[in-house]
1. Take the alpha carbon atoms of the stretch A:156-181, find their center, do the same for the stretch A:86-117, and report the distance between the two centers in whole angstrom.
2. Give the distance, in whole Å, between the Cα centre of the stretch B:23-50 and the Cα centre of the stretch B:140-200.
3. State, to one decimal in nm, how far the label point of A:Ile157 lies from the label point of B:Ile34, with both points 7 Å from Cα in the Cβ direction.
4. Per DSSP H run of n ≥ 4, the term is -39500 (n - 2.57); total these for chain A, divide by its residue number, and report the mean residue ellipticity at 222 nm rounded to 500 deg cm²/dmol.
5. Just checking the output field for A:170-176: average partner chain Cβ neighbours within 10 Å of each residue's Cβ?
6. Beta carbons within 10 angstrom, averaged per residue: use that to sort the peptides A:128-138, B:140-150, highest first.
7. Filter chain A for me: DSSP H helices, axial length by Cα at least 18 angstrom, mean Kyte-Doolittle hydropathy not below 0.0. List them by residue number.
8. Can you give me the angle between helix B:133-165 and the longest principal axis of chain B, using Cα atoms only, in degrees from 0 to 90, rounded to the nearest 10?
Amino acid sequence: MEKKIVLVSLFAALIAVLGLAPKVMLASGVPITAQSMGIMLCGTVLGAQRGALAVLLFITLTALGLPLLSGGRGGLGVFASPSVGFIVGFPLAAFVAGWITSKLKLINVFYSSLLGAIIGGILILYIPGIVGMSIMLDKSISEAALIALIYLPGDCIKAFLCAMLTHTLFKLRPENVLSRI
Amino acid sequence: MLALRYPQQTWLEKIPASLKMALLAIATSGIFFIDSTKIMFLLFVATISFQFLFGWQILKFSLGLLKPLLPFVAIIAFWHLFTGDLTQGLLIILRLFLIFNLANIVTCSTNMGEISEIIEKILSPLRFTKINIQAVSLCVIIFIRFTPIVLERHKILHLAYKCRSGKRPSWQIILPLILTVMDDADHVAQSLRSRSNLKV
């Protein structure tokens, strides 16, 4: 129980730190941060439930006013920004990423976490993300999807890195990749 | 250190958080019914002027908080320049700034403890479920205590990588960071087991 509580809290802290780390610019000029990779990692490393709880804790404390989202955003304002759908979808994304990684125990951890990160961290996350953008920017769903496309290359890179990190962690310390236990 | 607060005390802090949040919810819902750019602009100017009443420092701080919206402004402006409907684009941009600014006023003028109390009230029906409220409080405490520590560790790893390779690290330091977090988790869990009386 204690280990579970501590892991959930420390991974929530890890998501915050990854968002505060310097941004990387894509060739398209869109800045990407490692924060959404932190969401994917919560799922692929901690598993569905613990991963989703860590993300939920992070979002709740951000809503309470801690400026922990990438770019130093925080407070209730983030729920009034165009990224509201993505933020609300983060726990679901971590849950699905973790669920897929833990269900595909028979295949290599790299591929199971890559699949988890792509389905959970991209496909599932983009559904509320696009709906949120559509409402906040007053655009149709297809128009909002077109806008969200600029984040896709960055998210694909992050899903790949997430799988690589989970795989390396599994090789170094298999007991720490709770989604595979 | 982590909280998002105004640099100075204002009388807004004295208004109950529940009233501020209720007003914010009503205002946010109402703003979506406004389709006049002029009214939206006037309302935005009114909120900015309201913040100016508390002094230049608070206004500067509040305007700084609006910066994360700029990439979205660029996207909307580009989109509406392309479709030729600039008035609609301007209306959306003003609405975004207005709602975001109002929410920031509430956040920056409200004690984190007060907001947390409201959330606890909203979540109170959960007491009848199996959710361990003590564990949730402990999670919050560990998170607030350890975020600056993990951030400091990230800085050290960043510096170490830069010193040894001469390049700026990006994803390379994430794995060592996760490993240190896992080590911390072991130590903190052990301390909790031996010192706390957490009911499982």
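No value in this document is a laboratory result; all are computed from the given coordinates. It should be emphasised that the depicted structure is a prediction, and the values quoted were computed from it without experimental measurement. FYI the Cβ positions are ideal-geometry reconstructions off the backbone, even for glycines, and counts take in every protein chain you see.
1. Rounded to whole Å, the Cα centres lie 11 Å apart.
2. About 43 Å separates the Cα centre of the stretch B:23-50 from the one of the stretch B:140-200.
3. 3.9
4. The helix contribution divided over chain A gives -21500 deg cm²/dmol.
5. Working: counts 0, 0, 4, 4, 0, 1, 7.
Mean partner-chain Cβ count within 10 Å for A:170-176: 2.
6. Ranked by mean Cβ neighbours within 10 Å, highest first: A:128-138, B:140-150.
7. Details: long enough: A:2-20 (27 Å, 1.91); A:48-63 (22 Å, 1.51); A:84-103 (29 Å, 1.51); A:152-172 (30 Å, 1.03).
Helices meeting the criterion: A:2-20, A:48-63, A:84-103, A:152-172.
8. Rounded to the nearest ten degrees, it is 90.
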